[in-house]
Amino acid sequence: MSSRELPANWIMTAATLQSICLYLVYRALEDKSWLAETPVVSVPLVAVTASVPVLFMLLAENGLIKALLQRLAVIGGAIALLGAYLGSQAEPINEIRYQGLLASGAVILVLGLFHLSAYLKPNMQGLPYRYPTLFRQSWRSFLIPALAAAMTGLLALVMFLTAQLFKVIGIDMIEWLLRHAWFNFPLFGITFGLGLLTFRRLDTVIASITELLKGLLTLLLPLVVAVTVVFVASLPFTGLSAVWSTGSGTGLVLWLLAGVLFMTNAVYQDDVQGSPYPVSLDVALRFGMLALPVLASIAMVGIYQRVAQYGLTVQRCWALVTTLMLTGFAVGYAAQVLFKGHRWRHGLAQVNTVMGVCLIAILMLAASPALDFRKLSTSSQLARLDSGAVAIDDFDFRSLRQLARPGHLAIKSLREKYVGDQSVIALMDQQLASYESLAGVPQQSIWDNVVYRPAELRVPNEVRELISQMPFYPAGKAYLIQVDLNGDGDDYALLHPLPGRPGFSGILFTFVENRWQRFSLQASDDGELEASEVSALLENAEVKAVPAEFQELSIGGIRLQVQRHNGNVGFIGQANTIVVNPDASPLIQRGGSSMSGVPLTPVPVTPSSE
């Protein structure tokens, strides 16, 4: 596409505005404003801000701006409504695990917009949906954002290496910038927009990549069809039970079916250029298409058996929908072979166009109340419990915790139903407690479990960012305590009990080398406190800084710290050991070799970095 047809100013303006808006939303969520506590607003806001500008940058052309904006307004409204429903399923936000819900919503959004983008361009131009146009636009909708993302990732790598390079000579400015969201969002957002604009102009490059991929798939298609035919022909001798007995047979059959359909679609497209194969091989591939409905039937029966035996789950709902879609393609391709003979390839375009629209519709329904897989799964599992298909003692209450709001309401309902049966309530509490312990508290909910000491403690935003970037914490309370361990002002200690054993550990956040850093804290002697005693200690005990009994020891620049071990005193260092025994002279070792002659220097105590 020539540069004259692309509104570069519009595209870069959209990239800049999107970056700013995404940063503002991120800042509001990180600061735990009302937006963070209201997913019915924040989810659609993030979805619209992240998706609609990308569609605009991907499809904008001079002369079609107004038509595109009109359609994007409708699409944005639909995304907002579906996002609001998705967000409502995460409430109450402090009691629901919503990470899986948001992840599935993101996948639906990406897949839906990918397919929708192929139909938007001919719709704006008032042209019929001809498959060659849809096919080319589908490849462009995949390759251009992928290349733009690769370009953005390459810039991130260059920036990281640059920061490390300058850090070596004592310049930390670039590393400091890269730690701040207000710098990263505009930098990488605008870079991504520039990448979209750049690769949209390189039509020949995109066409070359498409042809290269088509060539590779042309070589693979006969092999994959041959595997399919041989597999189907082997089933009368092996039986279908062998496919379903492994637990993964249905999934493998679906992958094989999807691979054949994708390769056939990519190789033949609309048959404008004819078949790339010799006549004999083309005939063999034509009859190989008749095996596809057999694969679809095998997958459908396998999923039906699992649902009949164990009920619906979110994963089985998606497997069922995927199988139905692939079955539609498989039956459509086989029908073209049966009814059109050697002209079967001409009908593939019609099948693909219709099934593409069906896929968009199903994705929209899956994100709406009409086909909410979490509601369907919850109802199915409760129905199995009510019918006696599964005993209450064998029921998996933890699975309900993964079903967002429907699962949350189901747990409340079961508690009310079995309120008089303490054995059931105890079983439920035990399962849910073990689930919390294994799953941990995700980053988004760390702050819901933090107890501040003092209660009016105000935490710097930089410290909040460091805490939010930390990995998962065990379920339960964490205590954020204001201290001063190095005499330069305020430090912050985040302490929490150790899961499943006595004691506690934590992280110290302190301002050193012109930035906030985190360091590990370990109890030198916790007295084997019980869990209840640890919580009481962290919540009520006096907090004070105690001078170190020993300074650190520097051996040739390597620093060692003193730690007590059952009456003896030891140094902890990098592959070094110093044991001080009252009955023997000190022994200094490094990896088993002597360190005589290395200068020993006492240095002031500083915390050890993680």
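From the list 113, 86, which residue is closer than 14 Å to residue 41 by Cβ and either crowded, with 20+ Cβ neighbours inside 10 Å or in contact with a Phe, Trp or Tyr (Cβ under 7 Å, 6 or more places away or on another chain) (or both)? Write out each step before concluding.
Numbers: 113 fails: closer than 14 Å to residue 41 by Cβ.
Checking each option against the conditions leaves just 86.
Among 353, 378, which is under 26 Å from the mean Cα position of the chain (by Cα), in a helix (DSSP H, G or I), within 30 Å of residue 300 (Cβ to Cβ) and not hydrophobic (A, V, I, L, M, F, W, C)? Lay out the reasoning, then the answer.
Values: 353 fails: under 26 Å from the mean Cα position of the chain (by Cα).
The conditions single out 378.
So residue 240 passes all but one of these: (1) over 31 Å from the mean Cα position of the chain (by Cα); (2) aliphatic (A, V, I, L, M); (3) over 23 Å from residue 294 (Cα atoms). Which condition number does it fail?
So the condition that residue 240 fails would be (3).
Go through the range 391-427 residue by residue and tally those that are touching a residue at least 60 places away in the same chain (Cβ under 8 Å) and more than 31 Å from the chain's Cα centre (by Cα).
Residues flagged as touching a residue at least 60 places away in the same chain (Cβ under 8 Å) and more than 31 Å from the chain's Cα centre (by Cα) within the range 391-427 amount to 0.
Can you give me the number of residues within the range 23-59 that are buried (at least 20 other Cβ atoms within 10 Å of the Cβ) and either under 20 Å from residue 465 (Cα atoms) or not assigned by TED's automatic domain parsing to the domain that holds residue 75 (or both)?
Selection size over the range 23-59: 2.
If you check 313, 264, which single one turns out to be among the polar types (S, T, N, Q), under 30 Å from residue 100 (Cβ atoms) and surrounded by 18 or more Cβ atoms within 10 Å (Cβ to Cβ)? Outline the logic, then answer.
On the way: 264 fails: under 30 Å from residue 100 (Cβ atoms).
Matching residue, one of 313, 264: 313.
Please go through (1) within 25 Å of residue 141 (Cβ to Cβ); (2) polar (S, T, N, Q); (3) touching a residue at least 24 places away in the same chain (Cβ under 8 Å) for residue 228 and return the number of the only condition it doesn't satisfy.
(1)
For residue 274, state whether it is crowded, with 17+ Cβ neighbours inside 10 Å and at pLDDT below 90. Quick ask: steps written out before the conclusion?
Working: crowded, with 17+ Cβ neighbours inside 10 Å: no; at pLDDT below 90: yes.
No, not satisfied.
Which of the following residues is farther than 21 Å from residue 103 by Cβ, modelled with pLDDT under 85 and either outside any helix (DSSP H, G or I) or out of contact with any Phe, Trp or Tyr (no Cβ under 9 Å at 6 or more places or on another chain) (or both): 424, 419? Walk me through how you get there before you give the answer.
Working: 424 fails: either outside any helix (DSSP H, G or I) or out of contact with any Phe, Trp or Tyr (no Cβ under 9 Å at 6 or more places or on another chain) (or both).
The unique qualifying residue is 419.
Restricting attention to the range 91-137, which residues are of a type in the set (Ser, Thr, Tyr) and modelled with pLDDT of 85 or more? Walk me through how you get there before you give the answer.
Taking the range 91-137 and keeping what is of a type in the set (Ser, Thr, Tyr), we get 98, 104, 117, 119, 129, 131, 133.
104, 117, 119, listed by residue number.
Quick check on residue 336: is it more than 30 Å from residue 44 (Cβ to Cβ), of a type in the set (S, T, N, Q) and in the same structural domain as residue 255 (by TED's automatic domain parsing)?
Numbers: more than 30 Å from residue 44 (Cβ to Cβ): yes; of a type in the set (S, T, N, Q): yes; in the same structural domain as residue 255 (by TED's automatic domain parsing): yes.
When the stated conditions are applied, residue 336 passes them.
List the number of the failed condition for residue 382; all other conditions in (1) surrounded by 20 or more Cβ atoms within 10 Å (Cβ to Cβ); (2) not assigned by TED's automatic domain parsing to the domain that holds residue 330 hold.
Status for residue 382: all satisfied but (1).
Filtering the range 254-313 down to residues that are among the charged types (D, E, K, R) and in contact (Cβ under 8 Å) with a residue 24 or more places away in the chain, which residue is nearest to residue 332 (Cα to Cα)? Walk me through how you get there before you give the answer.
Taking the range 254-313 and keeping what is among the charged types (D, E, K, R), we get 270-271, 282, 286, 306.
The next check asks that each one be in contact (Cβ under 8 Å) with a residue 24 or more places away in the chain; those that pass are 270-271, 286, 306.
Values: 270: 15, 271: 16, 286: 13, 306: 26 Å.
It comes out as 286.
Taking helices (runs of 4 or more DSSP H) that fall entirely within the range 1-101, which contain at least 3 residues that are among the hydroxyl-bearing types (Ser, Thr, Tyr)?
Details: elements: 8-30, 39-59, 65-88.
Fully inside the range 1-101 and qualifying: 8-30, 39-59.
With the requirement that a residue be under 19 Å from the mean Cα position of the chain (by Cα) and at pLDDT below 90, what does the range 1-35 give you?
Residues satisfying the conditions are 29, 30.
Considering each of 100, 87, 105 in turn, give the residue that is out of contact with any helix residue (DSSP H, G or I) (no Cβ under 6 Å at 6 or more places or on another chain), touching a residue at least 40 places away in the same chain (Cβ under 8 Å) and closer than 30 Å to residue 432 by Cβ.
Numbers: 87 fails: out of contact with any helix residue (DSSP H, G or I) (no Cβ under 6 Å at 6 or more places or on another chain); 105 fails: out of contact with any helix residue (DSSP H, G or I) (no Cβ under 6 Å at 6 or more places or on another chain).
After ruling out the rest, the residue left standing is 100.
Does the range 178-208 hold any residues that are of a type in the set (Ser, Thr, Tyr) and under 27 Å from the mean Cα position of the chain (by Cα), and which are they?
191
Looking at (1) modelled with pLDDT of 90 or more; (2) in a loop (DSSP other than H, G, I, E, B), which is the only condition residue 171 fails?
(1)
I'd like the residue in the range 140-159 that is within 30 Å of residue 346 (Cα to Cα) and buried (at least 19 other Cβ atoms within 10 Å of the Cβ) and, out of all such residues, is modelled with the highest pLDDT. Full working, then the answer.
Taking the range 140-159 first, the residues within 30 Å of residue 346 (Cα to Cα) are 140-144.
The next check asks that each one be buried (at least 19 other Cβ atoms within 10 Å of the Cβ); those that pass are 140-141, 144.
Details: 140: 87, 141: 88, 144: 92.
By that ranking, first place goes to 144.
In the range 362-415, which residues are aliphatic (A, V, I, L, M) and under 26 Å from residue 79 (Cα atoms)? Quick ask: steps written out before the conclusion?
Taking the range 362-415 first, the residues aliphatic (A, V, I, L, M) are 362-367, 370-371, 376, 382-383, 385, 389-392, 400, 403-404, 409-411, 414.
Scanning the range 362-415 gives 362, 363, 364, 365, 366, 367, 370, 371, 376, 403, 404, 409.
The values are calculated or read from the model by the stated rules, or taken from the named source; none is laboratory data. Given the structure is predicted, the values throughout are model-derived calculations rather than measurements. Note: ideal-geometry Cβ built from the backbone for every residue, glycine included; neighbour counts use all protein chains shown.
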